[in-house]
Each structure stands twice: as structure tokens, then as C-alpha cells.
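**Q** Have a look at this one before I ask anything.
Just so it is clear, none of the values below were taken in a lab; they were calculated from the coordinates. Predicted model only: the values in this text are computed from it and were never measured. Here Cβ is always computed from backbone atoms with ideal geometry, including for glycine, and neighbour counts include all displayed protein chains.
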Amino acid sequence: MHPLEQLRDDALREIESARDEQALETARVKYLGRSGSVSAWGEQMKTLAKDEKPIVGKLLNEVRNAVTAAIESRAAQFRSQKESVGLAKIDISLPGTPSGYSGYSGYSGYSRTAAGYSGYSRTTESRGSFHPLTQILERSIEIFRRMGFALADGPDIEDEWHCFDALNTPPEHPARNEQDTFYLPDGRLLRTHTSTVQIRTMQSAPPPIRVIAPGAAYRRDELDATHSPQFHQIEGLYVDENVSVADLKGALEFFMRELFGLGTNVQFRPHYFPFTEPSLEVYVKSKALKKGEEWVEVAGSGVVHPAVFEAVNKARGDKAYDPEKWTGYAFGLGMDRLAMILFDIPDIRLFAQNDLRFLKQFA
Ligand code: DAH
């Protein structure tokens, strides 16, 4: 047996019997370290006869590889032993730590003392919940879906045609004023209402149509307790044969009662919108609400103006919305207003301030 083979066998035996990482490291230094025995053989190569060099060199490489591999595999055994010892200490039957729970809440004092603020537990503290506007939106969509309305949508950045012209709103109308509308440098604008989606929907599909379009709308209003430059609406459009004001009133009454309770009264007052004739403002009054005895305006509505159908026909290049054949109703619900009424929220600015003390009350 070549002395190198003897060295290899000794090394492998020693590595195999190393009891811990410390012992393994000692063995590594002894055989592979700078002045270890394998390295010493490398030095010795220089003194060998020419014909011996390749044979011994090859053997030396094999030995070095075998010893290195043995050390590596023993080290891996130690690592996995350590891991399983560590895991054994974890009691997987214990309850976990709530996510986001840091053991202290800066808000706890506040939510306990402020009247009307719901108390919190560790669980509600750490669990996310839906924004009140999202909640009322989902409830509303669910009610309209039961009435057969499908969902539609359109862009927040619009052109003047979809926002005004197609909706029978002439160039001199005050809503088109730069003081009232956010215009972009290229002449487009932030839609001032979701009624734009009425037009987009009719452009893309022939009647009958029954859609709602929830989304944001924008006006250059001063921010105060009841006005916000960004607010939310649900637009509704129903086009079919023989659709009447009675259908409109029935649908909105049903909606308001589903949302606010059976004791809700709904009132329709004559109004003016360029895109409907007749036009009606919708008011609700409900005993279930804090402001029980007040009529509150919650929507605009009406019977689709024939000029709107004509504008759509022109854009489509057909007569799909023949005003002699089709009639429709439309409405635009103010979602921020509905949420303020339903949840008794005094200030529209609270919706956008992201104050957890406010948001937690709706968790
Ligand atoms: N777009 C109107 C607004 O934002 C609301 C509205 C009124 C929508 C009448 C309609 C409608 O669809 O028919 O003030």
C-alpha cells in the first residue's frame, strides 16, 4: 500500500469518528491545513523522480478529494443534527403570535376612552379590515346584482366628449368650466361624474343594457366636511323597450330599503340634468338613521335623453339605440354620502385620512 493510501485511510477513519464539529475541524487542519500531511505530500512532490511524479500526483489528487468530500459530508451531518435538535424544542401545538402584533398598541388608550369607539382585542388589533367605502360599495353592488345589473367600468381620465358632449352638455355649461373641472394639459380631464361609463357601455354593446359602474369622480371643490375633490359614485343604466320612470323609482326604492332598512322612505324631486328628461333627485329618510327625520339627497337620476342615444348612434355609426324603439333610465349614487348616512360619519375627509382610530370602528 502506498503511504498516501495509508494516510487517506487514517484520515477517513478519523473524520468518521469525529464526535463534534470541533473534532472535525482538528482533523481537517491535521490533513488538509497548510502544514497538514496532505499538503506536506504536495511539497514532497518536488523531490520525486520524473517518472514517479505523474503517478504520485494523480494519487495525491484522489486522496485530497476523498478527504475533502468526507469532511464535507461529516459537517453536513452535524448541521442537520443541530437543526433537528432545534426543531424538537419548538412546541407546534402552541398558539402563534398574531401577525403585526408588537405587544403594545399606541392607539389602545384612545380606542378605550373615546365614546363610541369600539373596544379592541388582540385579534381585531392585528387583522386587516375593509374601508367603510369599500364595505358600502360591496353591499350596494350585491343589491344591484340581485336586480340583474352587470358591472361596467371606464377610465378616470376622460375626454370632453364622453364626459360632456355625448351627455348632451353644451360647451357653455358651467360644469365644463376650468374652475369646476380638472383639465389635463392635453385637453383631457378627470371625469366629473361616472356618467361617462353610460356612453362607453352603449358604444361597446347594443341594447338591452343593464349595468352599474362604481368608481371615482373629481371636481374642483374646496375640501370641507361635505365636499371632497375626489368622491365616489355608482352609475346605473338600464336600456330596454318600454322602460319608464316607474321602473326607475321601483329600482331605487328597492335599493334604498335593502341598504337602509325597510322603514326607509324615498322621495323623488324634479330637477334638471342635461342627459335625462325628466330628471329627478333622490332623497331618503329612515328611522334607522341617526338623522332620522331629515330628507337627505343621495342621487341624481332620470329617463335617458334621446339626444344621448343619438350621440351614441353617431359614434357607433349605426341606429342601434333608436330613441323611437328604446328607452332607459339612469342614476348616479353618491357613495360617500351613502356611507356617511349609513355609518353616521360627520366628515367626508375622514375617508381619506387613513386614521386607524377611525378605520377600526368599521372592522
Ligand atoms: N352625473 C350626475 C352627477 O354627478 C348624477 C346623475 C344624474 C347621474 C342623473 C345620472 C342621471 O345617471 O341620470 O351629478
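**Q** How much length, in nm to one decimal, is gained on full extension between residue 79 and residue 23, taken as 0.36 nm per residue of separation minus their Cα-Cα distance? Kindly include the intermediate steps, with their values, before the conclusion.
**A** Working: separation 56, 0.36 × 56 = 20.16 nm, distance 1.43 nm.
Contour length minus Cα-Cα distance gives 18.7 nm.
**Q** Modelled label-to-label distance, residue 358 and residue 134, 7 Å Cα→beta-carbon offset: nm?
**A** A separation of 1.6 nm, rounded to one decimal place.
**Q** If you don't mind, there's one more thing I want to ask. List the lysines whose Cα lies under 25 Å from the Cα of residue 50, skipping any in the same chain that are fewer than 8 positions away.
**A** 58
**Q** May I pose another question? If I fit a long axis through the Cα atoms of helix 132-146 and take the longest principal axis of the Cα atoms of the chain, what angle between them do I get, 0 to 90°, rounded to 10?
**A** Around 70 degrees separate the two axes.
**Q** Another question, then. What list of ³J(HN,Hα) couplings, whole Hz, do you get for the stretch 261-271 from phi and the Karplus terms 6.51, -1.76, 1.60, once you set θ to phi - 60° and write x for glycine and proline?
**A** x, 5, x, 8, 9, 10, 10, 10, 10, x, 8
**Q** On to the next question. Between rounded, prolate and oblate, where does the stretch 23-71 land on the alpha carbon gyration tensor, with a ≥ b ≥ c its root eigenvalues, rounded for a/c under 1.5, else prolate if a/b exceeds b/c? Walk me through the intermediate numbers first.
**A** Details: a/c = 5.16, a/b = 1.89, b/c = 2.73.
It is oblate, given that a/c is not under 1.5 and a/b is not larger than b/c.
**Q** Could you give each residue of the stretch 215-228 its phi-based ³J(HN,Hα) in whole Hz, using Karplus coefficients 6.51, -1.76, 1.60 with θ = phi - 60°, and x for Gly or Pro?
**A** Taking θ as phi minus 60°, the curve returns x, 8, 9, 9, 9, 7, 8, 5, 6, 8, 4, 10, 10, 9 Hz for the stretch 215-228.
**Q** Sort the following peptides by mean Cβ neighbour count (other Cβ atoms within 10 Å, averaged over residues), highest first: 147-156, 314-323, 210-219. Let's see the in-between values first.
**A** Values: 147-156: 15.4, 314-323: 13.7, 210-219: 20.1.
Ranking, from highest mean packing down: 210-219, 147-156, 314-323.
**Q** Just order 73-83, 338-348 by mean Cβ neighbour count inside 10 Å, highest at the front, would you? Mind showing how you got there, number by number?
**A** On the way: 73-83: 12.0, 338-348: 18.4.
Put in order of decreasing packing, that is 338-348, 73-83.
**Q** Separation between the residue 241 and residue 205 pseudo-spin-labels, each 7 Å from Cα along Cα→Cβ, expressed in nm?
**A** Computed distance between label sites residue 241 and residue 205 equals 2.0 nm.
**Q** Also, I was wondering about something else. Amide H to amide H under 5 Å from residue 243: which residues, 5+ apart in sequence or cross-chain, H placed 1.01 Å off N in plane?
**A** 327
**Q** Still on this structure: Largest first and to the nearest Å, give the Cα extent of the stretch 119-233 along each principal axis.
**A** 56, 39, 23
**Q** Give me the tail of P(r) for the chain as a percent: Cα-Cα pairs with distance above 25 Å.
**A** Working: 44881 of 65703 pairs.
So the pairs more than 25 Å apart make up 68 percent of the total in the chain.
**Q** Sum -39500 (n - 2.57) across every DSSP H segment of at least 4 residues in the chain, then divide by the residue count to get the 222 nm mean residue ellipticity, nearest 500.
**A** Values: 14 runs with 154 residues, N = 363.
-13000 deg cm²/dmol, from helical runs alone.
**Q** In nm, to one decimal, how far is the modelled label at residue 147 from the one at residue 44, with both set 7 Å along Cα→Cβ?
**A** For the pair residue 147/residue 44, the computed spacing is 9.7 nm.
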